[in-house]
Amino acid sequence: MKPLIIAANWKMHKTLEEAEEFSWELKRKLSSRNEIAIFAPYPLILAVHRILGKTKILIGAQNCHQEELGPFTGEVSAPALKNVGCKIVLLGHSERRQLFGESNALINKKIKVALKNGLKTMLCIGETDVQRKKGRTFPVLESQIRECLAGLSDMDVKKVIIAYEPVWAIGTGITATPAQAQEAHAFIRKTISNLFGKNAALQMRILYGGSVNEKNASSLFKERDIDGALVGSASLDIQKFLRISNAH
Ligand code: PGA
């Protein structure tokens, strides 16, 4: 069995002290061979890196700007993230799409600048409740993948991880059933195969996100096309996150 990827998305949570405490505990207690990623708020990245930088844990940011530098007050660039120890950046999260108006075209630019600067990317995609009810899930996923990954080379695609996060499952306590998630993941893999070839599809890691917790994680991980999880609220508590991280 290949190792899973378990990623924590802290969103706009945690103080410096809390981030440090979490990181020490993770370093002490992590016992699985799963791959772990921590998406921390910008000001906490360096502190997390000081504790976990020498481990295999991937330290990441939750966003970056699409330009490498310039007069963009309040924004953070991919080179700056790389410089403080980031290995990966989360892009296209539904909260960025919905609350900050990010389009597939903008996310595509961000992915390109991240990859150019040596950062892996985790691309989030997913349909809303209304889109699912209208039977639009697959076309929505297809266009998100096609537009967000437009112009990427085969080498680039190897550095991308996809997180399928149905918007209706994020922060709601309603998890997609393992069967619903598997159906979407299989479709995503087929779409990658159509766009980038069979090999890319086989190698693509596809995580599920949306109300994943220490109770439902294992049943999701049993599904063939689910390669791990992107965890929001349950990633804030180190004990819960460890239990998910040690699942297989
Ligand atoms: P949740 O968030 O686990 O709290 O639903 C997941 C996410 O937004 O990545």
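The values are calculated or read from the model by the stated rules, or taken from the named source; none is laboratory data. The model shown is predicted, which means the values in this text are computed figures rather than measured ones. Quick reminder, even Gly has a Cβ in these numbers, built from the backbone with ideal geometry, and neighbours come from all protein chains shown. Side chains are part of the model used for accessible areas, which takes the heavy atoms of the whole protein and leaves out ligands, DNA and RNA. Shrake-Rupley method; radii C 1.70, N 1.55, O 1.52, S 1.80 Å.
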Candidate aspartates and glutamates for bridging to Lys110, where Cα separation is under 17 Å - those fewer than 8 sequence places away on the same chain excluded: Glu67, Glu68, Glu75, Glu95, Glu102, Glu147, Asp156
When only DSSP loop residues count, what GluC sites (Glu not before Pro) in the range 1-100 have their Cβ near at most 16 other Cβ atoms within 10 Å? Glu67, Glu68, Glu75
Quick check: at a probe of 1.4 Å, how many percent of the accessible area of the chain sits on carbon and sulfur atoms? 54 percent
Where in the range 37-144 are there trypsin sites (Lys or Arg not before Pro) that are in a DSSP coil and have at most 16 other Cβ atoms within 10 angstrom of their Cβ? Lys54, Lys56, Lys134, Arg136
Per-residue ellipticity at 222 nm attributable to helices in the chain (runs of n ≥ 4 DSSP H, -39500 (n - 2.57) apiece, nearest 500 deg cm²/dmol) works out to -12000 deg cm²/dmol
Probe 1.4 Å, all protein chains in place: accessible area of Thr172 in Å², nearest 10? 70 Å²
Could you please put Trp168, Trp24, Trp10 in sequence from largest to smallest accessible area, using a 1.4 Å probe? Trp24, Trp168, Trp10
Over the range 1-66, with the other protein chains present, what is the accessible area per residue in square angstrom, probe 1.4 angstrom? 52 Å²
Hits among lysines - C-alpha to C-alpha of Lys222 under 22 Å, sequence gap 8 or more where chains match: Lys2, Lys190, Lys240
Please work out the average accessible area per residue across the range 112-248, using the 1.4 Å probe convention, and give it in Å². 43 Å²
